Amino acid sequence: MASTEGIGRLAVVVLATAAFAVIGVGLFVLYPETLTDLFGVAFALAVIFVGVRIASSVAASLFPGYDVAEVAVEGPITRDGGGGRFPSSPGSTPADDVVEQIDRADEDENVRALLVKLNTPGGEVVPSDDIKLAAERFDGPTIAYTTDVCASGGYWIASGCDELWARDGSIVGSIGVIGSRVNASELAAKVGLSYERLAAGEYKDAGTPLKELEADERAYLQGLIDDYYETFVERVSDGRDLDPEFVRETEARIYLGETAHEMGLVDVIGTRRDLEDDLADRLEVDEVTVEEFEPERPLMSRIGAGARSCAYAFGAGVAGLADEREFRLRT
């Protein structure tokens, strides 16, 4: 199949290139009524170049050279990848973009299987679940694989795939939820700041860093974390066909890939080449061709991403202290 598509694409490119070459030579070399021969040759070459680009694009659409889509979840998982009020790590994963690319792959008639590349320590709860649900919606084999880290929210996502592949030294697990807050009440007292409460609702300001956490507030916030944890356990036990009590007994530990495989947290230990060979057997082809599905970003968006990276390098620490999200919850 791959060779036929390759021959088809080559034929389209060659024919189109020849046609544009004839047009270019005819217009600017053989009949240069108003242009010098030098400019005529230059324009002819330009026309040929444009023709090759157009022909390549047409050939790619007529004879697509891939049958497997790959989406990557790398770095901390967030809703927008750091496009909010303050910059987050430039390596974070925008969940909405990943979901969009999975859906796009699902609608692509050429895609017969989906690879979800996971190299993430986890992140926000709902964005992780959104990616998991998108993987579950995909109509075809879905395989998650990790080379380095598949922890917490990454494992949440993997539970929505048919299989999880890892390497011997991969870090896998951390099935748990953590909430955190900065307690700046003593610092505020030292510099002469005091907290004056103006709120409606008993727990509206629970977790505010400028005051001590009361016992009932601590219980309230811990309850939220426990609820998220039970949801996490449920997602993993259902998706991975594991006993819920076994999942709880891991106590959010991390494991190396080989140990995780022995425990049933990982399906297969193998390399990327092993995975592609296995997938080729399933799809009954000589070899699979993988296409990375990435969001197309306009120029201004790419400039903005670069600016955020610079801002992160210079001021992420200060921005983190100034962030108004006083109580943080993540997997």
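Key figures
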read-out	value
Tabulated pairs, the range 283-294, first on the phi < 0 side of the Ramachandran plot, second among the small types (Gly, Ala, Ser) and part of a loop (DSSP other than H, G, I, E, B), C-beta under 7 angstrom, 6+ apart or interchain	289/65
Of residues in the range 237-258 being more than 23 Å from the chain's Cα centre (by Cα), under 23 Å from residue 169 (Cβ atoms) and of a type in the set (D, E, K, R), the one surrounded by the fewest Cβ atoms within 10 Å (Cβ to Cβ)	251
The range 211-236, residues that are within 30 Å of residue 190 (Cα to Cα), surrounded by 14 or more Cβ atoms within 10 Å (Cβ to Cβ) and of a type in the set (A, V, I, L, M, F, W, C)	213, 221
Answer from 185, 174 - the residue that is touching a strand residue (DSSP E or B) at 6+ places or on another chain (Cβ under 7 Å) and surrounded by 14 or more Cβ atoms within 10 Å (Cβ to Cβ)	174
Test: residue in the range 20-34 that is more than 24 Å from residue 165 (Cα to Cα), modelled with pLDDT of 60 or more and of a type in the set (Asp, Glu)	no
The range 137-174 - residue that is among the β-branched types (Val, Ile, Thr) and out of contact with any helix residue (DSSP H, G or I) (no Cβ under 6 Å at 6 or more places or on another chain) and, of those, modelled with the lowest pLDDT	147
Given (1) exposed (fewer than 12 other Cβ atoms within 10 Å of the Cβ); (2) in contact with a strand residue (DSSP E or B) (Cβ under 8 Å, 6 or more places away or on another chain), number of the condition residue 193 does not satisfy	(2)
Options 140, 201, 160, 169; residue that is in a loop (DSSP other than H, G, I, E, B), over 16 Å from the mean Cα position of the chain (by Cα) and closer than 30 Å to residue 109 by Cβ	140
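Here's the yes/no breakdown for (1) among the hydroxyl-bearing types (Ser, Thr, Tyr); (2) free of Cβ contacts under 8 Å to residues at least 12 places away in the same chain; (3) not assigned by TED's automatic domain parsing to the domain that holds residue 261:
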residue: 136; (1), (2), (3): no, no, no
residue: 141; (1), (2), (3): no, no, no
residue: 167; (1), (2), (3): no, no, no
residue: 190; (1), (2), (3): no, yes, yes
residue: 199; (1), (2), (3): no, yes, yes
residue: 207; (1), (2), (3): no, no, yes
residue: 211; (1), (2), (3): no, no, yes
residue: 225; (1), (2), (3): no, no, yes
residue: 236; (1), (2), (3): no, no, yes
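The values are calculated or read from the model by the stated rules, or taken from the named source; none is laboratory data. All values reported here derive from a predicted model rather than from experimental measurement. Please note: Cβ atoms are built from the backbone with ideal geometry, for glycine as well, and neighbour counts cover all protein chains shown.
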